[in-house]
1. Looking at the range 81-90, which of its residues are within 12 Å of the chain's Cα centre (by Cα) and of a type in the set (A, V, I, L, M, F, W, C)?
2. Which ranges mark the strands (runs of 3 or more DSSP E) fully within the range 1-120 that have 2 or more residues being among the aliphatic types (A, V, I, L, M) and in contact (Cβ under 8 Å) with a residue 12 or more places away in the chain?
3. Considering T32, T65, T21, which residue is surrounded by fewer than 16 Cβ atoms within 10 Å (Cβ to Cβ), hydroxyl-bearing (S, T, Y) and on the phi < 0 side of the Ramachandran plot?
4. For the subset of the range 68-89 comprising residues that are charged (D, E, K, R) and surrounded by 15 or more Cβ atoms within 10 Å (Cβ to Cβ), which member is modelled with the lowest pLDDT?
5. May I ask you to list the residues in the range 35-62 that are of a type in the set (S, T, Y), closer than 21 Å to F196 by Cα and either exposed (fewer than 15 other Cβ atoms within 10 Å of the Cβ) or modelled with pLDDT under 95 (or both)?
6. Quickly run through the range 138-154 and pick out the residues that are without any contact (Cβ under 8 Å) to a residue 12 or more places away in the chain, assigned to a helix (DSSP H, G or I) and surrounded by fewer than 16 Cβ atoms within 10 Å (Cβ to Cβ).
7. Scan the range 157-172 residue by residue and report those that are hydrophobic (A, V, I, L, M, F, W, C) and in contact (Cβ under 8 Å) with a residue 24 or more places away in the chain.
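The values are calculated or read from the model by the stated rules, or taken from the named source; none is laboratory data. The shown structure was predicted, so the numbers you read here are calculated from the model rather than taken from an experiment. Cβ sites come from the backbone with ideal geometry, for glycine too, and all protein chains shown count toward neighbours.
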Amino acid sequence: LGLLSDQAVALAGLAVRDILTPERIGYTPVFTNELLTAGWAPRTSADPYDVPYILGCCIAARAETFTALGGFDEGMRGRGVEDIELGLRAWMQGYRCAISPRRAVQHRFTSDEDRRLTVGWEQYDYNLLRCAVAHFDGSRLAGTVAAVREHPRGTDLLLSLLDDPAFEERLAMLGGRAVHDMDWYCARFSGELHEFETRLTELAGGGGEHRVCRGCGALLAGRLVECLRCGTPLEPSPEATPAAAVPPSSPALALGQRDTRPCPGCGQQVPSAAKHCPRCGAQLPAATVAATPTVVAQSQPAAALACAGCGAAAKSGVRFCGNCGTPLAAPTPPPPDRPMNLHCPQCGREYGLQAKFCAGCGHRFV
C-alpha cells in the first residue's frame, strides 16, 4: 500500500466488504462499549484517512515498524481484541493507523455473540482485560473490569493477569514508550468513539466526569484543562477540586501538571517515563526517581495555527496536526534586510516576493 510510504503510518488497511452481503462495506472500524463490541463509523473521505485501528482481517505494516511496535501481543490467548490492542498501541507510541477506502477486501462477518461462542468467553475476556489494563484508565478501565467480572470466572481472569510478572514487565515497557494516553486518543477520535465514551460515562454514574470542548465538540475527561484535540482551554467544572487542594501525587492532576520533564533537544515537556521526545524525536536520558512528581505550572495557551489539511486549530510549536496528522509549518517572515516587494531595475514595475520574471520586460529576478 502506498500509505506505508509515510513513515508516520504504522498500520494500513482497506475498506471491508461483507462476502455474504456485498453491498455492505465497512470503512472506519470502532468499538462501541465496555466490551469493545465492534462497530463502524461513516467514511470521512474518498482519499486515505486515519482510523482508530485496522480490522484484523487485512493489516499491512512495514516489517521494521511492526517489529518496533512489538507485533501482536503474544500474551493474548488465541484471537479476539488483538487488532484493537495493536491499533491502540500504535497510536499511543506516536504512530498512525490509516485506510485506503477506494479498495475493499472481502470478509465473512459473524456477530459478536457468535464470535465469542467460537473463540470462547474466557479467552475473549482475558484478552479484553489485557488490552484494557494496558491502555485504559479511569472510568474506561473501571467499566470494562466491572463488565468482565460479571462473567463466569471474570474475577479469576483479572487476578491471574495482575499476578503475572511478565505482564507487569509489559506494562512498564508500554509506559516507557507511550507519548499519548487514552484521553488524547479518545479526543483524537471523538466523533468515531462518541458511543464508546458516552456508554462509559453512563457507567461511571453521569456526565460529571466528562466535558464537551466548546472549540471542536470533543468529549473529554473532566480533569483536563485544555482540549487534547484542538488546544482550546476548558472552563473549570463546578465540581472540580481547587488546584491548591490537589496533592502532587493525585491521579486528578490535569494535563500539563503530570509528572513531566523537559526534552533536552527542544524543551517540550514530556512524560518522565518516556524514552523519546514526541516533538523532535530526541532520545531522553533515563529518568531519576523523585519523591514526588514534578508539578509544571500551567502557562497561558500558545497562539494557534490553522491546519492546512483540515482547518483545525493547532498550538504553536507542534509539528503535526493532532486532528488529521498534516505537517504544520508556521509562516516564515521575510528577512529584515529584504524589501517586502520586488522592483524591476529595468522598467520599474513592482511585484510580490514570489515573482521570478518581470511581466513587462522579461527581466529575471535573482
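1. Taking the range 81-90 first, the residues within 12 Å of the chain's Cα centre (by Cα) are 87-90.
L88, A90 - these are the residues of the range 81-90 that are within 12 Å of the chain's Cα centre (by Cα) and of a type in the set (A, V, I, L, M, F, W, C).
2. Correct list: 9-18, 38-41, 96-107.
3. Numbers: T32 fails: surrounded by fewer than 16 Cβ atoms within 10 Å (Cβ to Cβ); T65 fails: surrounded by fewer than 16 Cβ atoms within 10 Å (Cβ to Cβ).
Criteria check complete, one pass: T21.
4. That would be R79.
5. Passing the criteria: T37, T44.
6. R149
7. L157, L158, L161, L162, A166, F167, L171
Conditions tested, residue by residue: (1) over 18 Å from the mean Cα position of the chain (by Cα); (2) of a type in the set (D, E, K, R).
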| position | (1), (2) |
| --- | --- |
| V16 | yes, no |
| P22 | yes, no |
| V51 | no, no |
| R62 | yes, yes |
| T65 | no, no |
| F72 | yes, no |
| R79 | yes, yes |
| M92 | no, no |
